Structure formats: structure tokens, C-alpha cells
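Below is one structure. I have some questions about it.
The values are calculated or read from the model by the stated rules, or taken from the named source; none is laboratory data. All values derive from a computational prediction rather than experimental measurement. Here Cβ is always computed from backbone atoms with ideal geometry, including for glycine, and neighbour counts include all displayed protein chains. Protein only, heavy atoms only, side chains kept; ligands, DNA and RNA dropped before computing areas. Shrake-Rupley method; radii C 1.70, N 1.55, O 1.52, S 1.80 Å.
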Amino acid sequence: MPRGTPQTLSVYASDDLSVVDGANLGDGLSYCDEVQHDDVYRLDEMALRRDLSVRQTGPRLLEVAETSRMGRPGAALHIDCCITFMGNDGETVDLIVLVEVDGEGLVAGIYGLPLGGLRPKHDYRIIGVDAMGPERRFAEVACVSFTHGTMITMASGAQKPVEQLCQGDMVLTRDDGPQPLRWIGQTTVRATGEGAPIRIRAGTLNNADDLLVSPDHRLFVYQRRDHLGAGRSEILVKARHLVNGDSVARVEGGFVEYYQLLFDDHQIIYAEGIAAETLLVDTRTRAALPEGLGAKLATALPSHDNRLRAEFELSESLARRPDAVELLRRASTR
């Protein structure tokens, strides 16, 4: 993520999760050196996830953005570790611990970014702590992904399921015409909380069939008329910002197969007839790529920063208007 482009994370404060059984009884969520295996945590009944806006400044380093509702703007945030909890029902959920430090390097705040659903009145036991590679899990959240079965428009105009694509396949892009696919990634995660896909029902944005994408996946809409007041005809909007519980909804339950598509440049392609972005390689998402891939494709992958299209992105306040989905559908057809 280029410096200057904030991203909002939905986190819990450390006091929202406290130990109800174990060595650190009564303590809130803490950093790697202080948490203990087998300690049992419980989410406070009144706990609410709050917005923490950050910028990435290094592989495991963030800073609090000036627009953040939590933390001190400009303060450093460390991606400390990834804790794996097991609930009473046997299901596991990962949580990334972010540690804010002050100018003297002292801990000023601790936040938990759950990668699945945590429920009040349920006990969660620590069964694993990863302090060596938490940036990979953090990066996977930012990797825009299509779900199994999504139909991608090829250079020939044919439709092909994303899981059948291969390296070198020629895919139709909006800006550069036919382009070769350089790499396709696949991950399987629990479809809960932040990991659950967003479904855009068929016809909602003039899509041919239901489209399921990762929550932060940005969709491209060309407005013939700027009904939303975005100030431009070409806009990108995150899928999760359009959730209305009806035509656009989060789909939870079981597991979801996600596929990441990488091209020489950050591209806009067509999925179920909707223009949607492909994987953007930046400071954060690079950690999700296989080891050696960056070096292998170094000559083929120029910086993606110049194709970020940040100025195209629709603000969350506009996207969350109750009538935003209908306005976008109408704007793209009239």
C-alpha cells in the first residue's frame, strides 16, 4: 500500500478481550511476549469493533492515519503476531495483534484484528501464536480475490471459471486489451467475519450472475450521470461498502475458496460482466505472494503504484448511502 493511502481496519481494543481462565487471569489482550498458550479469553458483551485507519510503511510496520477514530495520528503500529484461538465448538479463528508505540518506543495501545467471527459469552482458548510471519496473514486480507466458479472474460470473449485459468492465459482487460495472466493464487479460509465474501446478486450492478468477491475488492463503475455526486464518471467502490443486507450481502458459513489474479500491471478485468480490479502488488500484499515470486517476475512486474487509481475510489460515506446500489446501477445504464 503506497504511503499516503489509508486503509480502515475494524478492530477490538485490548480491553474488549480478557482472560477468564489461565495464567493471565483478568488481563486484556496483549502482545506476543505476554500472551500464554491455553489462556482462555472472552469477548465483552458490550464490545464493539471500531475503525482504525492506517498506512503501511514497511513489511511489518504501519502508522496511524490522521483520519483514524482510534490511536494517535502518526504513531507507529507494529504487526506483532497472529493468535489462533479455538472456541468451545472446536472452530478456530485467527486474530492479528497490532501494537501502537509512542515516540519513546513504549506501548501506547494494543488492538486485535479478528480474521473470523468472535462471539460474546463464548470462550476462546489460545492454541497457537505466530510471531514469525503474521504479515502474511495480514497481507491475505488485502489481496482482492474472486471466488470459485466466477466467470472471467477471456481475450477471445469466451467465459472461463476462475479456477480453470492458467499462467499465460490471455484475459481481456479494460485499459490494455488482451493481457497474459502472470500468476494465479488460491487460498481457502473460513467464511466468517472479515474473511466472508460479499455477494452481489445477479442484475444488481448489471451483472450476468451472482458475483462473490473478497470484502475489499473494488468494482469499477462508469457513470453516464454522476447520480452519487462522486465528482467523476469513473469510480471504484469496495464491495463491503455496498452491503445492504439484500442485493449486496456478506455470505457467512463454512469455507470459501479465493483466487488471486496477478498481471504485469494492476488491471481492471470483467467478472460475471462486472469490471473488477486484479491483485495490486504493494508493500502489504507482497507478503502474501510465494517466496521467490517477486524475484522471478521482477522484470515482468513494474511498480503497480501508478495503477492504484486511488483518485477513482468512492468514499465510504457515499458508498454507504441507502440508495447507493440503485444509483450506481442506474448511472451505469443511462
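Given points 7 Å out from each Cα along the Cα-Cβ axis, report the GLU252 to ASP209 separation in nanometres with one decimal.
Between GLU252 and ASP209, the label points sit 2.7 nm apart.
So, one more: Let me spell out the model: positive unit charges on the Cβ of Lys and Arg, negative unit charges on the Cβ of Asp and Glu, origin at the Cα centre of region 248-291. What dipole size does that give, in debye rounded to 20?
Details: 3 positive and 8 negative charges, 31 e Å.
With Lys and Arg at +1 and Asp and Glu at -1, about 160 debye.
Non-local amide H neighbours of ALA75 (under 5 Å, H modeled in plane, Pro and chain starts lacking H): which ones?
So ALA75 has HN proximity to VAL64.
Same structure again: Non-local amide H neighbours of LEU9 (under 5 Å, H modeled in plane, Pro and chain starts lacking H): which ones?
When sequence neighbours closer than 5 places are left aside, the close amide H contacts are LEU52, SER53, VAL54.
Also, I was wondering about something else. Just going by the charge dipole of the chain, with Lys and Arg at +1 and Asp and Glu at -1 on Cβ, which of PHE146, PRO290, ALA76 is farthest out on the positive end?
Selected residue: PHE146.
According to the Kirkwood expression over distinct Cα-Cα pairs, how big is the hydrodynamic radius of region 1-146, in Å? Walk me through the intermediate numbers first.
Numbers: mean 1/r = 0.0648 Å⁻¹.
With all distinct Cα pairs of region 1-146 included, I get 15.4 Å.
Loop only by DSSP, 15 or fewer other Cβ within 10 Å of the Cβ. Give me the trypsin sites (Lys or Arg not before Pro) in region 121-158 that pass, ordered by residue number.
Working: sites: LYS121, ARG125, ARG136, ARG137; in loops: LYS121.
When the trypsin sites (Lys or Arg not before Pro) of region 121-158 are filtered for loop state and at most 15 Cβ neighbours within 10 Å, LYS121 remain.
At 1.4 Å probe radius, can you tell me the per residue accessible area of the chain in Å²?
44
Please compute P(r) over all alpha-carbon pairs of the chain, binned at 10 Å starting from zero, and give each bin as a whole-number percent.
Whole-percent P(r) values from 0 Å outward: 5, 25, 33, 25, 11, 2, 0.
Starting from the amide H of VAL171, placed 1.01 Å from N in the peptide plane, find each other amide H under 5 Å away whose residue is 5 or more places distant or on another chain.
ALA155, GLN179, LEU181
Here is a further query. Loop-only trypsin sites (Lys or Arg not before Pro) in region 185-229, please: DSSP not H, G, I, E or B, and at most 13 other Cβ atoms within 10 Å.
On the way: sites: ARG190, ARG199, ARG201, ARG218, ARG224, ARG225; in loops: ARG201, ARG224, ARG225.
Passing both the DSSP loop test and the Cβ count: ARG224, ARG225.
Further question on the same structure: Rounded to the nearest percent, how much of the accessible area of the chain (1.4 Å probe, protein heavy atoms only) is carbon and sulfur?
47
In region 1-69, which trypsin sites (Lys or Arg not before Pro) are in a loop and have at most 13 other Cβ atoms within 10 Å, using DSSP for the loop call? Let's see the in-between values first.
On the way: sites: ARG3, ARG42, ARG49, ARG50, ARG55, ARG60, ARG69; in loops: ARG3, ARG49, ARG60, ARG69.
Of the trypsin sites (Lys or Arg not before Pro), the ones in loops of region 1-69 whose Cβ has at most 13 other Cβ atoms within 10 Å are ARG3, ARG69.
Taking GluC sites (Glu not before Pro) as candidate sites, keep only those in a DSSP loop with at most 14 other Cβ atoms within 10 Å, then name the longest stretch of the chain containing none of them. Can you show the working numbers first?
On the way: sites that count: GLU34, GLU45, GLU66, GLU91, GLU104, GLU291.
Here the longest run is 105-290.
If one puts a single equal scatterer on every Cα of region 169-232 and applies the Debye formula without solvent, what log₁₀ I(q)/I(0) results at q = 0.14, 0.15, 0.27, 0.28 Å⁻¹?
Here log10 of I(q) over I(0) equals -0.68, -0.77, -1.17, -1.17.
Oh, and also: What does the charge dipole of the chain about its Cα centre add up to, to the nearest 20 debye, if the Cβ of each Lys and Arg holds +1 and the Cβ of each Asp and Glu holds -1? Can you show the working numbers first?
Working: 36 positive and 49 negative charges, 292 e Å.
That gives a dipole near 1400 debye.
Further question: If the label point is 7 Å along Cα→Cβ of HIS122, which residues in region 161-197 have backbone nitrogen under 11 Å from it?
Backbone N within reach: 192-193.
For region 55-110 and region 128-174, compute the distance between their C-alpha centroids and round to whole Å.
Going from one Cα centre to the other spans 26 Å.
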